[in-house]
Amino acid sequence: MVEHQSDFLFVTHAESDFFLSFAGDMKKSSFDTFVIALVVLLALHMIGKGHKEIRQETVPTEQTIENDGSQTGDEGSYGYGDEAEYADADFDGDGSEAGGNMDEVEGTQELEIPRSSLTTILRRTGYTTAYDEQRRCPQWTAWHLTASHTTGPFKRKGVKYQEDDDVDFPKATNADYSGSGYDRGHMCPSGDNKWSREAQEDCFLFTNMCPQSHDLNGGDWNDLEMKCRKWAEKYGDIYIACGPVYSSQSPKTIGRNKVAVPDGFYKVVLCMRGEPKAIGFYYDNDDGHAPMHAYVRTVDEVERLTGIDFFCNLNDEVERRVEAHADLDDW
């Protein structure tokens, strides 16, 4: 505002000097000369006014990080597993606190995309993730899994884990996981990205990883990943979102970059084929095995646990119905 006023006042002083110059010579000037001076004065005034108005209308726009590495919007902060952190959060999609650069998703068919408190959104070939800069992990990763994406020629063999160039340090690296006792646990799994070389490489970015119990990663969590592929083949497509859960504001960390270790993991799945239905799961991040039924939660329960609004692009009535019910036998 001050900068805009300075430009305008500069023109006003120039006008004043110009006018006084002519006024001082009025005795020596003709009436025609005076009229010309007045016209020029008015022209200078209008130019200055127009310049001011143009400057005031210049407004910067928000941006998200896309797969090409372009800019991100403002940073966000939040805490998982603590509903008090979300009590005053704005989940109305107006972009004021929660949602931010998610406005572009609102009202589209990207049913897998949640609404949350982060604004660093990373668009990849096979998934989208909301990156938590404080914990060096995704808050959520979401993707639309189709039957055709459950297989393909691009296996994980030879694909290397990669630091993500789209986020700044401190960020997760191989060195942080080395000797930590935790696996580099994929959120969007390699098995869902064999349909594309680029998609397969993207899923090995550390922004798609969390420190995960080796037993869980290769056991019950892997069983759920395979079950989701079976459901995609059975129904044609499903919508998935998953991520970490923290019970503390100061979780355990690993490595020099202090990558946060989750206390557990959630996954929510939506199917719109036939009668819409959804189901949620929660797994503790430790060793042990249990039947899949033991991990089942409603999506409403997972939302209360995480503070994240899943499947927010559904019709409100459908969303309420599918998120209140979960039965593995229905699948």
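The values are calculated or read from the model by the stated rules, or taken from the named source; none is laboratory data. The structure presented is a predicted model; accordingly, all values stated were derived computationally and were not measured. Glycine also receives a Cβ, built like all others from the backbone with ideal geometry; neighbour counts cover every protein chain displayed. What goes into the accessible areas is simple: the full protein's heavy atoms, side chains included, and nothing from ligands, DNA or RNA. Shrake-Rupley method; radii C 1.70, N 1.55, O 1.52, S 1.80 Å.
Given the criterion of a type in the set (K, R), in a loop (DSSP other than H, G, I, E, B) and over 27 Å from Y235 (Cβ atoms), identify the matching residue among K171, K155. Please lay out each step first, then the result.
Working: K155 fails: over 27 Å from Y235 (Cβ atoms).
One residue alone meets the criteria, K171.
For segment 240-250, the set of residues classified as within 30 Å of L314 (Cβ to Cβ) and part of a loop (DSSP other than H, G, I, E, B) consists of Y246, S247, listed by residue number. When segment 194-211 is limited to residues that are in contact with a Pro (Cβ under 9 Å, 6 or more places away or on another chain) and surrounded by 23 or more Cβ atoms within 10 Å (Cβ to Cβ), the one that is nearest to G179 (Cα to Cα) turns out to be P211. For first residues located in segment 147-159 and surrounded by 12 or more Cβ atoms within 10 Å (Cβ to Cβ), partners that are among the hydroxyl-bearing types (S, T, Y) and lie 6+ apart or on another chain with Cβ distances below 6 Å form the pairs R156/S190.
Restricting attention to segment 102-135, the residues that are under 16 Å from E319 (Cβ atoms) and at pLDDT 80 or above add up to 6.
If you take the residues of segment 133-146 that are open to solvent by 10 Å² or more (accessible area, probe 1.4 Å) and not in a loop (DSSP other than H, G, I, E, B), which of them is nearest to D165 (Cα to Cα)?
Here is the first cut: in segment 133-146, the residues open to solvent by 10 Å² or more (accessible area, probe 1.4 Å) are 133-136, 144, 146.
Cutting the leftovers down to not in a loop (DSSP other than H, G, I, E, B) gives us 144, 146.
On the way: H144: 24, T146: 28 Å.
Restricting to residues being open to solvent by 10 Å² or more (accessible area, probe 1.4 Å) and not in a loop (DSSP other than H, G, I, E, B), the top hit is H144.
For segment 251-272, the set of residues classified as in contact with a Cys (Cβ under 9 Å, 6 or more places away or on another chain) and not in a strand (DSSP E or B) consists of V261, P262, listed by residue number.
Contact map, segment 276-289: residues that are closer than 23 Å to A260 by Cα paired with residues that are open to solvent by 40 Å² or more (accessible area, probe 1.4 Å) and of a type in the set (S, T, Y), Cβ distance under 9 Å, separation 6+ or inter-chain. Pairs shown: N285/Y182.
For segment 258-290, the candidate set comprises residues that are of a type in the set (D, E, K, R) and closer than 26 Å to S248 by Cα; within that set, the residue that is surrounded by the most Cβ atoms within 10 Å (Cβ to Cβ) is K267. Among all residues of segment 232-239, there is at least one that is aromatic (F, W, Y), part of a strand (DSSP E or B) and over 22 Å from D176 (Cα atoms).
Please pick out the residue among A175, A232 that is surrounded by fewer than 21 Cβ atoms within 10 Å (Cβ to Cβ) and modelled with pLDDT of 95 or more. Walk me through how you get there before you give the answer.
Values: A232 fails: surrounded by fewer than 21 Cβ atoms within 10 Å (Cβ to Cβ).
Within the list A175, A232, the selection yields A175.
Restricting attention to segment 291-312, the residues that are assigned to a loop (DSSP other than H, G, I, E, B) and either open to solvent by 30 Å² or more (accessible area, probe 1.4 Å) or of a type in the set (S, T, Y) (or both) total 2.
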